[in-house]
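Student: Right, I'll just put the structure down here and ask away after.
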Amino acid sequence: MIWGLGIIISQKSLFLIVSFDTIKKMKPPYDLTPAILKLITSISEKIGAVNAKLIVSQNPKLRKQNQIKTIHSSLSIEGNTLSEDQITAIVENKRVVGPEKDILEVLNALEAYKNLKQWKSSSEKDFLKAHKMLMNKLIEVPGRYRAKGVGIVKGSKVEHLAPPASNVPFLMKELFTYLKDKSELPLIKSCVFHYEMEFIHPFMDGNGRMGRLWQTVILMENYPLFEFLPFESLIAKNQKEYYQALSASDKEGKSTQFIEYILLLIQQSLDELLESDTKKLDGTERLEVFLEQSRDMFSRKEYMKFHKELSSATASRDLKNGVALGLVTKSGDKKTTLYQKKS
């Protein structure tokens with residue numbers, strides 16, 4: 001369903017909206033079904049459980065692994081052939097043998113995901129910056145809306161014909177106006193944006209990865225753990241169902257089925273996170289968690305106050321190891337010893 005710009009296109013009909021006052025009041029259409037309400041309640045409870053257990057916030061290794069999974073899954077949907085191990089090697093600045101285009105896609109995605117916290121979900125300017133970063137050197141004009149008509153063809157059949165290029169700027173502006181609506185639940189808003197953006201298909205390339213990336217940006221503003229929740233991996237494993245949900249919503253002229261589908265994947269991702277191995281952190285991981293919270297000089301006593309379960313001997317070993325690894329610098333001696341994060 002296209003909304004705004006004075007037109008609505010459905011499977012069977014084309015309607016012209018004469019009043020622009022009407023357009024301003026329109027929201028992307030969807031039904032608030034019992035299934036959606038049930039999923040939102042379940043997801044909210046699971047987010048609370050994840051935060052309470054500090055599963056993400058106190059496990060930097062898990063955060064790194066999940067972000068690699070996210071990038072691998074989102075790119076593999078678009079045909080990237082690199083494995084998670086190869087992406088990990090790129091993160092660690094190791095040499096990787098693979099198609100040049102695939103390696104560039106990963107480097108661009110890593111750069112984009114580093115900037116997640118800097119972007120405002122309702123900023124169209126940030127959205128275009130993200131596309132420019134994600135598609136740098138992959139297409140002629142990254143960061144700009146398409147100037148040509150596009151369609152999605154499967155075999156000999158046109159699955160989806162996107163709106164004319166001349167309509168794209170207005171349609172996207174209306175979509176970002178919708179993102180500023182604080183009466184909408186963020187979980188629903190993120191799914192609606194994802195679907196509507198895919199329908200509009202504003203770019204010549206990179207629409208799929210931008211839809212998934214921007215849904216994460218929208219969710220992160222309310223639930224920080226989504227920075228590291230790889231629900232894209234479930235989309236990658238169930239691509240047929242993903243495209244079926246998009247197609248079903250196209251035929252209905254509203255995003256209801258797509259919302260239900262994505263919320264179900266988010267719920268399943270949270271279930272996997274809660275069931276994941278939450279083994280105790282090792283000394284290096286404990287110190288990394290502490291250093292994320294502290295920028296000033298600190299003593300062993302302050303380190304132990306943060307990690308209340310540690311003995312003085314274990315705390316000393318953590319800090320000594322941190323100095324050896326170059327994570328912290330040490331000054332003073334014995335009782336006057338202080339540590340500081342190495343810049």
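Student: Does Asp250 satisfy being crowded, with 20+ Cβ neighbours inside 10 Å, in contact (Cβ under 8 Å) with a residue 24 or more places away in the chain and over 26 Å from Glu84 (Cβ atoms)?
Tutor: yes
Student: Could you grab me the full set of residues in the range 198-221 that are more than 18 Å from Tyr113 (Cβ to Cβ) and without any contact (Cβ under 8 Å) to a residue 60 or more places away in the chain?
Tutor: Glu198, His201, Pro202
Student: Which is among the aliphatic types (A, V, I, L, M), farther than 30 Å from Ala324 by Cβ and within 15 Å of the chain's Cα centre (by Cα), of Leu274, Leu187, Leu264?
Tutor: Step by step, each of Leu274, Leu187, Leu264 is checked, and only Leu187 is among the aliphatic types (A, V, I, L, M), farther than 30 Å from Ala324 by Cβ and within 15 Å of the chain's Cα centre (by Cα).
Student: Here is a check on your reading of the model: is Glu174 within 24 Å of Ile68 (Cα to Cα) and in contact with a Lys or Arg (Cβ under 9 Å, 6 or more places away or on another chain)?
Tutor: no
Student: For the range 75-110, give me each residue that is charged (D, E, K, R), under 15 Å from Lys64 (Cα atoms) and either surrounded by fewer than 12 Cβ atoms within 10 Å (Cβ to Cβ) or in contact (Cβ under 8 Å) with a residue 24 or more places away in the chain (or both).
Tutor: Asp85, Glu92
Student: Could you grab the pairs with beta carbons closer than 6 Å, sequence gap of 6+ or different chains, first residue in the range 320-338 and assigned by TED's automatic domain parsing to the domain that holds Met304, second one modelled with pLDDT of 90 or more and basic (Lys, Arg)?
Tutor: The qualifying pairs are Val323/Lys330.
Student: Residues of the range 64-74 being buried (at least 19 other Cβ atoms within 10 Å of the Cβ) and modelled with pLDDT under 90, which ones?
Tutor: Across the range 64-74, the qualifying residues are Asn66, Gln67.
Student: Something else now. Please pick out the residue among Leu138, Leu161, Leu128 that is under 25 Å from Ile103 (Cβ atoms), of a type in the set (A, V, I, L, M) and in contact with a Gly (Cβ under 7 Å, 6 or more places away or on another chain).
Tutor: After applying the criteria, what remains is Leu128.
Student: Count, please, the residues in the range 283-315 that happen to be surrounded by 13 or more Cβ atoms within 10 Å (Cβ to Cβ), part of a loop (DSSP other than H, G, I, E, B) and in contact (Cβ under 8 Å) with a residue 40 or more places away in the chain.
Tutor: Here the count works out to 3.
Student: Considering only the range 100-124, how many residues are under 25 Å from Leu185 (Cβ atoms) and not aliphatic (A, V, I, L, M)?
Tutor: Total satisfying the criteria: 9.
Student: Now a separate question. Among the listed residues Lys129, Lys125, Lys114, which satisfies the condition of being without any contact (Cβ under 8 Å) to a residue 24 or more places away in the chain and surrounded by 13 or more Cβ atoms within 10 Å (Cβ to Cβ)?
Tutor: Lys129
Student: In addition: So, in the range 222-275, of the ones that are assigned to a helix (DSSP H, G or I) and of a type in the set (Lys, Arg), which residue ends up nearest to Leu116 (Cα to Cα)?
Tutor: Filtering the range 222-275 for residues that are assigned to a helix (DSSP H, G or I) and of a type in the set (Lys, Arg), the one nearest to Leu116 (Cα to Cα) comes out as Lys237.
Student: Please give the number of the condition Ser331 fails out of (1) in contact with a strand residue (DSSP E or B) (Cβ under 8 Å, 6 or more places away or on another chain); (2) over 17 Å from Thr284 (Cβ atoms); (3) surrounded by 13 or more Cβ atoms within 10 Å (Cβ to Cβ).
Tutor: Of everything listed in (1) in contact with a strand residue (DSSP E or B) (Cβ under 8 Å, 6 or more places away or on another chain); (2) over 17 Å from Thr284 (Cβ atoms); (3) surrounded by 13 or more Cβ atoms within 10 Å (Cβ to Cβ), Ser331 misses just condition (3).
Student: For Glu92, state whether it is charged (D, E, K, R) and touching a helix residue (DSSP H, G or I) at 6+ places or on another chain (Cβ under 9 Å).
Tutor: No: the conditions fail for Glu92.
The values are calculated or read from the model by the stated rules, or taken from the named source; none is laboratory data. Given the structure is predicted, the values throughout are model-derived calculations rather than measurements. So basically every Cβ, Gly included, is an ideal-geometry build from the backbone, and we count neighbours across all protein chains shown.
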